[in-house]
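J.: Okay, here's the structure, questions in a sec.
The values are calculated or read from the model by the stated rules, or taken from the named source; none is laboratory data. Being a predicted model, the structure only gives us computed values, none of them experimental. So basically every Cβ, Gly included, is an ideal-geometry build from the backbone, and we count neighbours across all protein chains shown.
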Amino acid sequence: MPRDSALATLQGGSRDEALASGRSRLRAAGVEAADEDARLLLQGACGVDRLAMVIGGDLPVSGDEARRFLEFLDRRVGGEPASRILGRRAFWTLDLEVRPGVLDPRGDTEALVRLALRVALQAGQTPRRILDLGCGSGALLCALLSEFPAASGVGVDVSEGACAAAIANLALCGLDGRASVVRGHWFDQVEGAFDLIVSNPPYIPAGEIDALDREVRDHDPRLALDGGEDGLDAYREIFVGARRVLAPGGAIAVEFGLGQAADVARLARDRGLQKVDSEQDLGRRDRAAAFRVE
């Protein structure tokens, strides 16, 4: 449909009608989660939350809202993720800011949060200090600090942009008083002992990055994806450094890619860490594992 006609159809129609039109367009373009993305984009175009969208479905769409919605749909059909179009992402129980040049936190990483919570509580006491290695947007650190109100945390990332994003999200969640963010390569700037370490490091083999879905390949920073030739470079460094800063009885939990569970466990074992638990993502794929010092 020509853009002028599409705009005329949306303008003055109801939000429910606009939502149905957006769903149809995204489905026709083969967009995964077309229904959810259409809803999120219309909410963003109208500046309302989910509840307002539900109870106000019969309200008319203004000209400005229609133009924004069409622009958002164009960008989504072009391969830009809805979270990057809107600049935010729901993660765990939080609403986080998503910035260009910083890894977009995804639902699969919530498996790492679930595992970290379970393993931390298995120790018999809640963690006092939490370390998030390669913190990116700060999603993991924000989620864990929100669950452990007595804990403090440190986020580390080599990217200046990621550090800025993590600081912004900690403030957005009201957690900045209990956390700090430092720029550095893994443990280079880390001091003291930690009861819980988490990391979602780069784990895509370098030769596979160009074949990733365009939502990832074209919009997530390569620095946050590239795990070296076999995808395991980061774990080789992380497991060595973890022994130095883990408090007695502490645990480290890491995310990894499909088919990497055994290799990650082997690397940890070779560096004196024993696997104590694991977690699957919503697709029932091995996604995270936790380790303690042997």
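J.: For region 40-59, does any single residue satisfy the condition of being under 28 Å from the mean Cα position of the chain (by Cα), of a type in the set (Val, Ile, Thr) and closer than 30 Å to Leu145 by Cα?
T.: The answer is yes; a qualifying residue exists.
J.: Can you tell which of Leu131, Leu121, Leu103, Leu112 is in the same structural domain as Ala179 (by TED's automatic domain parsing), over 11 Å from the mean Cα position of the chain (by Cα), buried (at least 24 other Cβ atoms within 10 Å of the Cβ) and under 22 Å from Val198 (Cα atoms)?
T.: Leu131
J.: Show me the helices (runs of 4 or more DSSP H) entirely contained within region 180-294 in which 2 or more residues are over 19 Å from Pro105 (Cα atoms), without any contact (Cβ under 8 Å) to a residue 12 or more places away in the chain and not acidic (Asp, Glu).
T.: 261-270
For (1) touching an Asp or Glu at 6+ places or on another chain (Cβ under 6 Å); (2) farther than 21 Å from Arg88 by Cα, each residue gets a yes or a no:
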| site | (1), (2) |
| --- | --- |
| Ala18 | no, yes |
| Arg23 | yes, no |
| Ala33 | no, no |
| Leu41 | no, no |
| Gly57 | yes, yes |
| Phe72 | no, no |
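J.: Further question: Which strands (runs of 3 or more DSSP E) does region 78-171 wholly contain that include 3 or more residues that are within 19 Å of Ala251 (Cβ to Cβ)?
T.: Answer list for region 78-171: 129-133, 152-157.
J.: Scan region 105-126 for residues that are touching a helix residue (DSSP H, G or I) at 6+ places or on another chain (Cβ under 7 Å) and of a type outside the set (Ser, Thr, Tyr) and jot them down.
T.: Result: Pro105, Leu112, Val113, Ala116, Leu117.
A quick yes/no check of all residues on (1) modelled with pLDDT under 95; (2) closer than 25 Å to Gly153 by Cβ; (3) within 17 Å of the chain's Cα centre (by Cα):
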| residue | (1), (2), (3) |
| --- | --- |
| Glu208 | no, no, no |
| Gly228 | no, no, no |
| Leu232 | no, no, no |
| Ile238 | no, yes, no |
| Arg244 | yes, yes, no |
| Ala262 | no, no, no |
| Arg266 | no, no, no |
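J.: For residues in region 122-166 being more than 18 Å from Pro100 (Cβ to Cβ) and among the hydroxyl-bearing types (Ser, Thr, Tyr), which is modelled with the lowest pLDDT?
T.: Top of the filtered list is Thr126.
J.: Continuing with this model, one more query. Between residues in region 44-72 that are more than 18 Å from Gly87 (Cβ to Cβ) and residues that are of a type in the set (S, T, N, Q) and assigned to a loop (DSSP other than H, G, I, E, B), which pairs lie under 7 Å by C-beta distance while being six or more apart or on different chains?
T.: Taking only residues 6 or more apart or on different chains, the pairs are Val61/Gln11; Gly63/Gln11; Ala66/Gln11.
This table checks each residue for (1) modelled with pLDDT of 95 or more; (2) of a type in the set (A, V, I, L, M, F, W, C); (3) assigned by TED's automatic domain parsing to the domain that holds Asp213; (4) part of a helix (DSSP H, G or I).
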| residue | (1), (2), (3), (4) |
| --- | --- |
| Asp37 | yes, no, no, yes |
| Leu41 | yes, yes, no, yes |
| Ala45 | yes, yes, no, yes |
| Val54 | no, yes, no, yes |
| Asp58 | no, no, no, no |
| Glu65 | no, no, no, yes |
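J.: How many residues, within region 162-203, are buried (at least 21 other Cβ atoms within 10 Å of the Cβ) and of a type in the set (S, T, N, Q)?
T.: 3
J.: While we're looking at this one, here's another question. Which of the following residues is within 28 Å of Ala193 (Cβ to Cβ), in contact (Cβ under 8 Å) with a residue 12 or more places away in the chain, in the same structural domain as Ser180 (by TED's automatic domain parsing) and more than 15 Å from the chain's Cα centre (by Cα): Ser152, Ser137?
T.: Checking each option against the conditions leaves just Ser152.
J.: Also, I was wondering about something else. Hey, can you tell me all the residues within region 221-253 that are within 30 Å of Gly124 (Cα to Cα), of a type outside the set (A, V, I, L, M) and surrounded by fewer than 17 Cβ atoms within 10 Å (Cβ to Cβ)?
T.: If the condition is that a residue be within 30 Å of Gly124 (Cα to Cα), of a type outside the set (A, V, I, L, M) and surrounded by fewer than 17 Cβ atoms within 10 Å (Cβ to Cβ), then Arg236, Glu237, Arg243, Arg244, Pro248, Gly249 are the ones that fit.
J.: Restricted to region 268-283, and to residues that are among the acidic types (Asp, Glu) and touching a helix residue (DSSP H, G or I) at 6+ places or on another chain (Cβ under 6 Å), which residue is modelled with the lowest pLDDT?
T.: Asp281
J.: Next question. Using the structure shown, decide if Asp157 is more than 14 Å from the chain's Cα centre (by Cα) and buried (at least 19 other Cβ atoms within 10 Å of the Cβ).
T.: The answer is yes for Asp157.
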